[in-house]
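Take a look at the structure below.
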Amino acid sequence: RGCLIALDRLARRRIPSYVLDLGTGSGILAIAAAKTWPAPVVATDIDPVAAQTVRENAAGNGVAARIAARAGPGFRPVARMGRFDLVVANIQARPLVELAGGMRRHITPGGTLVLSGLLSRQAPAVQAVYRARGFTLADRIRIGDWTTLILRAPALSA
């Protein structure tokens, strides 16, 4: 729910040109992004069954032509696909921390990162890891014991 609220807030401010749903599961966030913006969306998951589920769900929602579902760990499925200006990751805190270094390499300068799946007590530590890599907090959404962070990637230096 936090990610969907974040996407709704972002929809009022900008139009991304390339979206990544990292750890997609059923593809709900990839589908939401495809229905919100005209941008191509890549949905990845470590589980090949999840990638197939995304394809089926995208077809059922009329956005299959705009969502590429891929299976593999971390950023391996998108290693040669360029950078994304919007990355959504609704996964647990530990993998989000482990992916922080790769995130910097796969997001465009000034791009937006939505991190969710965080217990509110975990959010400060995850935010600190990303802050150390130059990301800044743009917004925070709290729902019960859960927090979604909206971060901005560092812009190109002059």
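The values are calculated or read from the model by the stated rules, or taken from the named source; none is laboratory data. Predicted, not measured: the structure shown is a model, and the values here were computed from it. Counting neighbours? That spans all protein chains shown, and the Cβs are built from the backbone with ideal geometry, glycine included. Note: accessible area is taken over every heavy atom of the protein model, side chains too, but ligands, DNA and RNA are not part of it. Shrake-Rupley method; radii C 1.70, N 1.55, O 1.52, S 1.80 Å.
A few points about this structure:
- Residue list for the stretch 1-24, filter: surrounded by 24 or more Cβ atoms within 10 Å (Cβ to Cβ) and aliphatic (A, V, I, L, M): Ala6, Val19, Leu20, Leu22
- Test: Gly111 is within 14 Å of the chain's Cα centre (by Cα), at positive phi and outside any loop (DSSP other than H, G, I, E, B): no
- Cβ-Cβ contacts under 8 Å between residues 6 or more apart (or on different chains), taken from a first residue in the stretch 48-68 that is free of Cβ contacts under 8 Å to residues at least 24 places away in the same chain to a second residue that is open to solvent by 60 Å² or more (accessible area, probe 1.4 Å) and in a helix (DSSP H, G or I), are listed as Ala64/Arg55.
Each row is one residue, and each column tells you yes or no for (1) farther than 24 Å from Gln52 by Cα; (2) part of a strand (DSSP E or B); (3) open to solvent by less than 10 Å² (accessible area, probe 1.4 Å).
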site	(1), (2), (3)
Pro73	no, no, no
Arg94	yes, no, no
Arg133	yes, no, no
Asp139	yes, yes, no
Leu151	yes, yes, yes
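- Exactly one residue out of Gly82, Gly27, Gly60 is open to solvent by 30 Å² or more (accessible area, probe 1.4 Å) and within 21 Å of Ile15 (Cα to Cα): that is Gly82.
- The stretch 103-130 - residue that is under 23 Å from Ala43 (Cβ atoms) and among the β-branched types (Val, Ile, Thr) and, of those, most open to solvent (accessible area, probe 1.4 Å): Thr108
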